[in-house]
Amino acid sequence: MANRKPEPQPGIMELSPYVPGESEVPGVANPIKLSSNETPLGPSPKAVAAYKAAAEHLDRYPDGAATALRQAIARKFGLDPERIVCGAGSDELINLLAHAYIGPGDEMVHSAHAFLIYKIATLSSGGKPVAAPERNYCADVDAMLERVTPRTKMVFVANPNNPTGTYLPHDEVRRLRRSLPSHTLLVLDAAYGEYVRRNDYEAGFELVATTGNTVMLRTFSKVYGLAALRLGWAYCPAPVAEVLNRVRGPFNISGPAIAAGVAALEDAGHIETAVAHNETWLPWVTAEIGKLGLKVSPSIGNFVLIHFPSEQRAIAADAHLKSRGIIVRRVAAYGLPDCLRMTIGTEGDNRAVVAALAEFVGRP
Ligand SMILES: Cc1ncc(COP(=O)(O)O)c(C=O)c1O
């Protein structure tokens, strides 16, 4: 007895910790960082001003219910603020959902190259992640449904998905929801939803409104440019919101984050500029890299997945880009060892990547 060690919950030692995108290149003072799908335009100046003003009140606890932020989100999107739960990034909400609904013996279905936190959150809750193969690097509803069992408590779909950039049209998401058991929570993670301009896409509002078992996740880390603040939100059926409010920390969103989030939502012009920038450069980057003979998965996010002929070539391309001061993302942990993911950057960043890749492919 005396020698027994503290043991973590089952599953925790099976998971590999999440490795964030790199941010430094040794010897390069200001690298071009395209490894974490951050916006090249930064946050709204109004959000920065609100953050600075909130610094005057650091002695006070924030409003634990983040009321002003939930109301601002509700106003902007026409939602019920009682069904919005804010989190320290959508990462926190993914973890809270998993901890609240998945336990030992339960399963969570995800597509093969889905965002990694779903798997990590499930394992850390003692549950079993079940991967469904994809078709052309896109989630496949039939393959997911084939893996559903009575133990499937949750299905996570990032739409569009990171790191592939591909998406499920709304009809397919609806078919997935219709075919899942009613006790299975479908979590639609629309972290990149603001960037999408497709008639057949819907981030999740409709299914949350019309079903009692669908949750939509959103983040302020991408188009809003507030990744450092850690701010995300979930739109939920009322009973799910109640559960999340029981398990979340009582002050999980900081006061400055609430203030900056409200101001960011009000600056619609800044978001439009960021989306327009992406609309210009996403097709340009896709086409230019394609002209180099490299396959690029069709993306509707603010990043692209670039395919190389082998893992070795992907590693060599990564090293070559680094030698030019450019950091992209290796995605071997996502089951994509022969790919690199690149965030759409400023015009100069994008041109620099294409020029460096042209050098790379010119050299066997
Ligand atoms: C699909 C997806 N969901 C969630 C997140 C997490 O975002 P947050 O910064 O809000 O935790 C990311 C971040 O890369 C993402 O790509």
So residue 52 and residue 80, fully extended at 0.36 nm per residue minus their Cα-Cα distance, gain in nm 7.2 nm
What the Cα atoms of the stretch 142-205 span along the principal axes, largest first and in whole Å, is 36, 21, 20
Pseudo-spin-label distance residue 247 to residue 149, built 7 Å along Cα→Cβ, given in nm, is 2.1
Taking the convex hull of the alpha-carbon atoms of the stretch 274-364 and averaging its shadow over every direction gives an area in square nanometres of 5.4
Inverse of <1/r> over all distinct C-alpha pairs of the stretch 1-49, i.e. the Kirkwood Rh in Å, gives 15.9
Over the chain, the sum of -39500 (n - 2.57) across DSSP H runs of at least four, divided by residue number and rounded to 500 deg cm²/dmol, gives at 222 nm -11500 deg cm²/dmol
Computed from the beta carbon distance with a Förster radius of 41 Å, FRET efficiency for residue 197 and residue 316 to the nearest 0.05 stands at 0.75
Net charge (Lys, Arg +1; Asp, Glu -1) of residues whose beta-carbon lies under 11 Å from that of residue 170, residue 170 excluded, is -1
A student asked for the Cα radius of gyration and Dmax of the chain in angstrom ought to give 20.7, 66
Checking rank on 308-320, 14-26, 189-201, with mean other Cβ inside 10 Å and highest first, the result is 189-201, 308-320, 14-26
Quick P(r) readout (the stretch 50-195; Cα-Cα; 10 Å bins; whole %) gives 11, 35, 32, 16, 6, 0
Bounding extents of the stretch 241-300 in its principal axis frame from Cα atoms, largest first in Å, are 52, 28, 17
Largest first and rounded to whole Å, the semi-axes √(5λ) derived from the alpha carbon gyration tensor of the stretch 139-294 read 27, 25, 13
Relative to the compact-globule estimate 2.2 N^0.38 Å (N residues), the Cα gyration radius of the stretch 49-106 stands at a ratio of 1.47
Here the net charge surrounding residue 13, from other residues whose Cβ is less than 14 Å away from its Cβ (Lys, Arg +1; Asp, Glu -1), is -1
Using the Cα gyration tensor of the stretch 208-272, the equivalent ellipsoid's semi-axes, largest first and to the nearest Å, work out to 24, 16, 9
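Quick note: the coordinates plus some simple rules give every number you see, no bench work behind them. A quick note: this is a predicted structure, and the numbers were derived from the prediction, not measured. All Cβ positions, glycine included, derive from the backbone under ideal geometry; neighbour counts span all protein chains shown.
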